[in-house]
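Taking it in order: structure first as C-alpha cells, then the write-up.
The values are calculated or read from the model by the stated rules, or taken from the named source; none is laboratory data. Everything numeric here is computed off the predicted structure, so don't read it as measured data. Cβ: placed from backbone, ideal geometry, glycine included. Neighbour counts: every protein chain shown. These area figures cover heavy atoms from the full protein model, side chains too; ligands, DNA and RNA do not enter into them. Shrake-Rupley method; radii C 1.70, N 1.55, O 1.52, S 1.80 Å.
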Amino acid sequence: MPEFLSVEPADWCMLSCPECPVGRRGQKSTNDRGLLGEELMRKILDECADYLHTIQFFFQGEPLLNRQLPLFIAMAKQKHIYTIVSTNALLVTPEYARALIGSGVDRLIVSIDGFSRQSYSEYRVGGSFRKALAGLRLLAEAKHQLKAKTKIEWQCLMLKSNQHEWQLIRDNYKRLGADCLTLKTAQFYEFAHGNPLMPDNERYSRYKQLADGRFVRKKPYRNHCLRLWSGAVVDVKGNLLPCCFDKTADYAFGNICNESIAGVWHSDKAETFRRRLMLNRREIDICLNCTE
C-alpha cells in the first residue's frame, strides 16, 4: 500500500503561471471546477491511514480554494499523519490563517517567486507580490498566536527573472515570517532549445546545454522509480495517478470512488505501468522531465 499520498483539494487556480499545466490551460469555467469532498477524504483515511506517514494536500490547483481544507488536515492529524500544504498564499485572511494553523498542519509551503512586484509577476501571472507577502505574514502571526509548531517554508523557483534577488530573499525570509527557505530548480515544458526563464548559471537549472546548442536534462534516465512503489496522487475526481507528473490523468491506475484503493493500487493497469517503466522509462512521456 502507498506510504504517502498527494491529495488534490482543488483543480483550478486564479493564476496563469506559464510552466504550470493549470495556468497553461487557462481559467476553467465554474461548471468545470472540481473540489475534493469530505466523503472521498474519509474513504482515503479509512482505507489508507494505517499505511500512510504523509499526505501532501496539493497537486495542480490552489489548495486554499477548498474551504474544507482545514477539516481535511485535522482529519489526517487525528490519524497521526504528517501533513503538508503548498499555497500561493493569495487567499489567506486572518480567519483562514487561524483555521489552517489551528488544523495542526505540519508544514506550509508558501510559493513566492521573487522579491519585487516585477520579478514576481513575470512568473506568477495574475498574482500580487504584496498580497503574497501579506498572506505569509498572516500565517506567521497565527502560528505565533496559537503557539503552533507548523513549519512555514518560503519556496522560490530559481528563474532568470528573479536571479538577481536570491540573496535578498535569503537575507529577508525570516524577517517576513518564514521559518526556512527553499530555492528550487524550475521545470520547463519546452527546454530543448532553451527557455527565456532559465537562469543564466547552469548550476541552478535542471538542464545542461550540449555542444550543439540543445538542452537536455542533467539527471540520467534510469529504469527505476521508488515513488511508484511508495506513493501516488489522488485527484479531485478520485483518479489514482502514478505520480505528480501525470497532469492529465493519462496513466491513471483507476478510480477509487467506486473501487477500493488497494484494488486500484494492485490493479493490472498499475502493475503493467510499473513493469513498463522498469523496462524502458524513456518511452513514458511523463517521465522525461522528472527529477526522480
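Size descriptors for segment 21-172 (Cα atoms only): Rg and Dmax, in that order, 16.3, 48 Å.
For the options 123, 189, 82, a Gaussian network treatment of the chain with springs between C-alpha atoms closer than 10 Å singles out 189 as fluctuating the most. The alpha-carbon positions of segment 69-110 define a convex hull whose volume is 55 Å³ per residue.
Sorting the segments 108-117, 225-234 by their residues' average number of neighbouring beta-carbon atoms within 10 angstrom, most packed first, yields 108-117, 225-234. Between segment 214-235 and segment 54-118, the C-alpha centres lie 25 angstrom from each other.
For the chain, the carbon plus sulfur part of the accessible surface works out to 49%, probe radius 1.4 Å. Cα extents for the chain along the principal axes, largest to smallest and rounded to whole angstrom: 56, 50, 35. The Stokes-Einstein estimate for segment 89-216, based on a Kirkwood radius over Cα pairs and taken at 4 °C with 1.567 mPa s viscosity, is a diffusion coefficient of 83 µm²/s.
Lysine pairs in segment 182-292 with alpha-carbon atoms under 28 Å apart, 8 or more places apart or on different chains: how many are there? Lysine pairs satisfying the spacing and distance rule in segment 182-292 number 13.
Taking N as the number of residues in segment 45-91, what value does Rg over Cα atoms divided by 2.2 N^0.38 Å take?
1.17
Whenever you get a sec, line up 128, 260 from highest to lowest accessible area (probe 1.4 Å, protein heavy atoms).
I get 260, 128, largest accessible area first.
With all protein chains kept in place, the per residue accessible area of the chain amounts to 48 square angstrom at a probe of 1.4 angstrom.
The amide H of residue 151, built 1.01 Å from its N in the peptide plane, has 107, 108 as neighbours under 5 Å, considering only residues 5 or more places off or on other chains. Projected onto its three principal axes, the C-alpha set of segment 181-292 covers 49, 33, 23 Å, listed from the longest axis down.
For segment 184-241, dividing the convex hull volume of the Cα atoms by the residue count gives 143 Å³ per residue. Remark on segment 1-64: ratio of C-alpha radius of gyration to 2.2 N^0.38 Å is 1.28.
Taking 4.7 Å between beta carbons as the limit, the unpaired Cys residues of the chain are 13, 48, 156, 180, 225, 243, 244, 257, 287, 290. Distances between placed amide hydrogens fall under 5 Å for residue 57 paired with 7, 84, 85, 86, all partners being 5 or more residues away or on another chain.
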